[in-house]
Each structure stands twice: as structure tokens, then as C-alpha cells.
Amino acid sequence: QAKQDGRSCARFFEPEMDRQLRERRQLEQKLRDAVQFQRFTLHFQPLIKSDSRQVCAFEALLRWQDPELGLILPDRFIPLAEETGLIRPIGDWVLIEACRQAQLWPSDIRVAVNVSPVQFRTGRVPESVARAIYSSGLEPSRLEIEITESVLLSDDSNTLDQLNEIKELGVRVVLDDFGTGYSSLSYLRRFAFDKLKMDKSFVQEIHESGVLAIVRTVAKLGECLGIETTAEGIETEEQARCVREEGFTQIQGYLYGKPLPAEELDTAFQLGQYHSAAVLPLAPPDS
Ligand code: C2E
Ligand code: MG
Ligand code: MG
Ligand code: MG
């Protein structure tokens, strides 16, 4: 009986692995097409200042529109883009497009761009950042580069050099998904980040024992370092009140706005009850 089970398992797994491999190759080919035919767009999600409750930035979030598969979210294709090296042309496009859009917004609103560790490891990010700034004319201090601590996992000074060069351009560098990695605190010593973004899992599990203490400590850590702190993944009023009370300087989440195409940002603002009308309009200035 057991032997039979084993065989049926093998019979089940082989075609299954085969299918997965085929699907991966298909997706890879589609991703190459997407790069060639420009099938990416950016959605933008607001970051709200805790004290004034005004929008202070938008995070650019990559979307892939495939003619057959429809809208594909980054978690499904960023890993593949990283494995295939396609993340470099894609990442360069994201930087240029995000800066181009931000240049159309009021000048006190920043744009945040996610950059993959693979972009640092296999290429030079400062040059890509500089190109995006110069081609758009965006004030460098209005750009924030979001990286996860896995960027600094290897003890490689090259990445650290690149981060310092990015800062020298006047661009801000933010530690994203803070708290989910291995030894966050040591990274804080190695590089002077401009902001900590606490991973959304903490907010989602804030009622579990001990989590509030961590949330409080992250806010305090940012305060002691003299840098900003963002709580992301805020979906309810209660969560918003809590992280504001704990001292997070910025809040981001569906409560204030889902990621939207650039053209729809306007409307989203009008609907949101926490947004100051003062940050409007987002339409391109008359030229
Ligand atoms: P991230 O940078 O931590 O971005 C936050 C993610 O949380 C986004 O998912 C956003 O849509 C989602 N989110 C925002 N508010 C809420 C909320 O209130 N509740 C919940 N449940 N989720 C919320 P998204 O857009 O699917 O992106 C996932 C990840 O993909 C990002 O995580 C980032 O690491 C990566 N990514 C996105 N765009 C790019 C890009 O242009 N380049 C690179 N390298 N990575 C990107
Ligand atoms: Mg991010
Ligand atoms: Mg994050
Ligand atoms: Mg992330």
C-alpha cells in the first residue's frame, strides 16, 4: 500500500514540476515581451504626514499589464525579473517614469521608488538615479529610494558605496520592510537611512502579545535617530490612531488610499476625508 502511494506521488509530482517549469518559461518570455513592448505602468499610493494629515509623498508601485494574463502584481514577477536580470531595464524605467510623474506634482510632494538588491549587485544604481533626476528635472531631495535590508546582507562595501553616492546626489534613502530581516539594528549602524518603514505585518498583528511593544520601539528608534518613520499597511481608523499615538511620523495604507494610476490620483484625493485640499491640484501645471 505504502509503495503504491509512493509511486502515485511520483506520478503526481513529475507532471506537476513539468507544468511549473513550463509556466515559468512562459512567464519569462512574457516578461521579456513586456520589457520590449513597454507593458508596465506605475501606480501611486499616498503617504500621509501624521501631524498635518497631508499627503507628503507617493510610493510608486510597479504594475504589469499582460494582454492575456491581465494585471500582474509585483510579488508574482519581481523575483523572476531578478533571476533573469530583467530587473535592471525594468528598474531603470521605473526610476525615470516615477521622477517624470513626480515632476508634475506640487513641489512639496516626494516620490518613493523601490529598488531591488539585484540592481545594486549587478549594476550601478547611482548612475540610474542620476539619469532619472537629470532627465526629469526633479529636485533630488524629492526622490526617496526604498531598499530592504537584504541589500546590505552581504558584507559587500560596493553596495554601501552606492548608497552613499545616492545620498551625495541629495536623494533620500529609506529602509523598507523594517523588522522582517535578520539583524536590522546592525544595518542602522552601517548606513544613515533617512527613514524607517515598518513592515505592515506588525500593524496587521498589533493585537498579538508583544507586537505593540515592537511597534512602539520602532517609532522610538526613529525618533532617537532623528529620522522619519512610516507605518505601512494601515487599513482601519483604529490602526491609524494607534501608530500616530506611538509616534510614527508618516502613515500609509488602504485607509488613506490604494495604489492608483497617476491620472486617478486627483479623484482619490477628493474622496479621502483626511487629505488637505491644499495639496491639490495634482494636474500638470499649465505650460
Ligand atoms: P513594498 O515596497 O513594501 O510596498 C507595499 C505593498 O503593500 C504594496 O504591494 C502595496 O500595494 C501594499 N499595501 C499598501 N497599503 C496596504 C494596506 O493597507 N494593506 C495591505 N494588505 N497592503 C497594502 P504591491 O504593490 O503588490 O508591491 C509588493 C512589493 O513589490 C513591494 O512591497 C515592493 O517590495 C515590490 N515592488 C513594487 N514595485 C516595485 C518596483 O518598482 N521595483 C522593485 N524592485 N520592487 C517593487
Ligand atoms: Mg516600498
Ligand atoms: Mg514595505
Ligand atoms: Mg516589500
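The values are calculated or read from the model by the stated rules, or taken from the named source; none is laboratory data. Bear in mind the structure is a predicted one, so any value in this text is a computation, not a measurement. Here Cβ is always computed from backbone atoms with ideal geometry, including for glycine, and neighbour counts include all displayed protein chains. Protein only, heavy atoms only, side chains kept; ligands, DNA and RNA dropped before computing areas. Shrake-Rupley method; radii C 1.70, N 1.55, O 1.52, S 1.80 Å.
Only residues that are among the hydrophobic types (A, V, I, L, M, F, W, C), touching a residue at least 12 places away in the same chain (Cβ under 8 Å) and within 16 Å of ligand 4 (Cβ to nearest atom) were counted in the stretch 64-79, giving 2. On the stretch given as the stretch 61-79, residues that are in contact with a Leu (Cβ under 7 Å, 6 or more places away or on another chain) and outside any strand (DSSP E or B) total 2. For first residues located in the stretch 146-168 and in contact (Cβ under 8 Å) with a residue 40 or more places away in the chain, partners that are of a type in the set (Asp, Glu) and lie 6+ apart or on another chain with Cβ distances below 9 Å form the pairs Glu146/Glu59; Glu146/Asp176; Glu146/Asp177. Taken over the stretch 230-262, the criterion of being part of a helix (DSSP H, G or I) and open to solvent by 50 Å² or more (accessible area, probe 1.4 Å) is satisfied by Glu237, Glu238, Arg241, Arg244, Glu245. I'd like to check something: does the stretch 94-117 contain any residue that is in a loop (DSSP other than H, G, I, E, B), crowded, with 21+ Cβ neighbours inside 10 Å, within 16 Å of ligand 2 (Cβ to nearest atom) and more than 15 Å from the chain's Cα centre (by Cα)? Scanning the stretch 94-117, I find no residue that is in a loop (DSSP other than H, G, I, E, B), crowded, with 21+ Cβ neighbours inside 10 Å, within 16 Å of ligand 2 (Cβ to nearest atom) and more than 15 Å from the chain's Cα centre (by Cα), so the answer is no. Would you be able to say whether some residue in the stretch 206-213 is within 16 Å of ligand 1 (Cβ to nearest atom) and touching a residue at least 40 places away in the same chain (Cβ under 8 Å)? No, the stretch 206-213 contains no residue that is within 16 Å of ligand 1 (Cβ to nearest atom) and touching a residue at least 40 places away in the same chain (Cβ under 8 Å).
For the condition surrounded by fewer than 21 Cβ atoms within 10 Å (Cβ to Cβ), more than 20 Å from Leu185 (Cβ to Cβ) and under 19 Å from the mean Cα position of the chain (by Cα), Pro126 qualifies.
Any chance the stretch 204-215 includes a residue that's among the small types (Gly, Ala, Ser) and under 18 Å from the mean Cα position of the chain (by Cα)? Looking through the stretch 204-215, none of the residues is among the small types (Gly, Ala, Ser) and under 18 Å from the mean Cα position of the chain (by Cα).
Inside the stretch 185-229, residues that are crowded, with 19+ Cβ neighbours inside 10 Å, hydroxyl-bearing (Ser, Thr, Tyr) and not in a strand (DSSP E or B) make up a count of 1. Exactly one residue out of Ala81, Ala2, Ala60, Ala34 is at pLDDT below 95 and hydrophobic (A, V, I, L, M, F, W, C): that is Ala2.
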